[in-house]
Amino acid sequence: MTALPFVSRRRLLRLAAVGVVAVPALSIATDASAASAGPSGPDDQTIPNAEARDTHARNTEARNTAVVRRAFAEFYGGGRTERFAEFFDHGYIEHDPAIAAGRSGLLAWVRQTQAQRPRSITSIKRIIAQGSMVAVHSHRSTTPADEMTGTAVIELFSLRAGRIVEHWTYTQAVPATTRSGNSMFSNVYAYPGTPPVVTRTRADANRQLILKAWAAVFSARDLTVLDRYWAPGNGYLQHNPNVPNGVGGLKGFLGTLPPSVSQNRFSVAAGDLVLTVNQSVATSGDLDSDLVGSAVADVYRIVDGRAVEHWDVVSPVPTTSANDHSVFSRLHPEL
């Protein structure tokens, strides 16, 4: 492990690095709510017609989702390391602190993981694709049928021309019990009728709503925002293991937390799902550093302008890394 230098986010964003990639697990089981929608990717603005741009973006996001699913099933899960080049660009950049830089670091990590945890299975629970980004929420466990075991994982993949060029990972141990009785992975919300079709414009509006609401609630501690943008009463379904269902439960939990400030690092939206990754630090901390506080990765289900369901992964920000990159920096020079 290499101790990361104390370096500001602005400095990190100016660095260009090449190296690696990787993600968890061995055998792969896929399911759940995969969604593909969102704003245009990096190449879409060269297409003059708005309808054509939208079609191009949807096709790109569908392709990116398929690449990530295949990488889980064939490379990570199937152990077919000879197919590395089909999924990962030669200039891959890795942000998982456990994995060394370069293709050799990735391959060594995958082989070591397969040898040490041959019975581990990663179950994909939901995928959110928007632009060049694909977010995956998954469950790693040797007993995947029991959602009260193993590790909760949220990963982000950045793709270019159908290959992964950059990767981030956030993990949390799964507890045996939760305050709500819901697992960290299950889908509990049920639409009263046929689920609506969520347009790309609506999905991105949901993303903007969550970004603004998150800042107001978790930095400014304006809890009145919860009454406006969260489902009322017990209609808000909670999968954070430390918080009961309902807005009241969330308000009570927030009252136990010390003052903090936060900064959004990533956000992705598709369908009725919004994913955000925020860096949260104590009010005395330095948000200009990538090496302090906690990484908070949240997934919200938004219905009619309100959050109705929530999953998250919370982990301390590491100060050391096998690849010398922070868990927040975005370094690929073309994205």
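Charging the Cβ of each Asp and Glu at -1 and of each Lys and Arg at +1, and nothing else, the dipole of region 200-316 about its Cα centre rounds to 280 debye. Computed from the Cβ-Cβ distance with R0 of 51 Å, the FRET efficiency linking Q112 to T199 stands at 0.70. Working note: Karplus 6.51/-1.76/1.60 with θ = phi - 60° gives region 169-182 the couplings 9, 10, 10, 8, 5, 8, x, 6, 9, 9, 5, 8, x, 8 Hz, where Gly and Pro are set to x. Sites listed here are trypsin sites (Lys or Arg not before Pro) in region 185-276 whose DSSP assignment is loop and whose Cβ has at most 14 other Cβ atoms within 10 Å: R221. Helix content alone sets the calculated 222 nm mean residue ellipticity of the chain: runs of n ≥ 4 DSSP H residues at -39500 (n - 2.57) each, divided across all residues, give -7000 deg cm²/dmol. For region 144-213, the gyration tensor built on C-alpha atoms gives an oblate shape. Its axis ratio a/c (a ≥ b ≥ c) is at least 1.5, and a/b is not larger than b/c.
Relative contact order, whole percent, for the chain stands at 23, derived from Cα pairs under 8 Å and 6 or more residues apart.
Dipole magnitude for the chain: computed about the Cα centre from +1 point charges on Lys and Arg Cβ and -1 point charges on Asp and Glu Cβ, it is near 100 debye.
Let me make sure I get this right: for the chain, a, b and c are the square roots of the gyration tensor eigenvalues over alpha carbons, sorted descending. Under 1.5 in a/c it's rounded, otherwise prolate if a/b > b/c, else oblate. Which is it? Cα axes put the chain in the rounded bin.
Site pair A66 and I47 shows an inter-label distance of 1.5 nm when each label is modelled 7 Å from Cα along Cα→Cβ. The amide H of R160, built 1.01 Å from its N in the peptide plane, has V165 as neighbours under 5 Å, considering only residues 5 or more places off or on other chains. With the simple spin-label model, which puts each label point 7 Å out from Cα in the Cβ direction, the T320 to S294 separation comes to 2.3 nm.
Pull out a ≥ b ≥ c, the square roots of the eigenvalues of the alpha-carbon gyration tensor of region 200-316, then state rounded if a/c is under 1.5, prolate if not and a/b is larger than b/c, and oblate in the remaining case. Verdict is oblate for region 200-316.
Every number in this text was worked out from the coordinates using simple rules, so none of it is lab data. Just so it is clear, the model here is predicted, and its values are computed rather than measured. Positions of Cβ are generated from backbone atoms using ideal geometry, with glycine treated the same way; all protein chains shown enter the neighbour counts.
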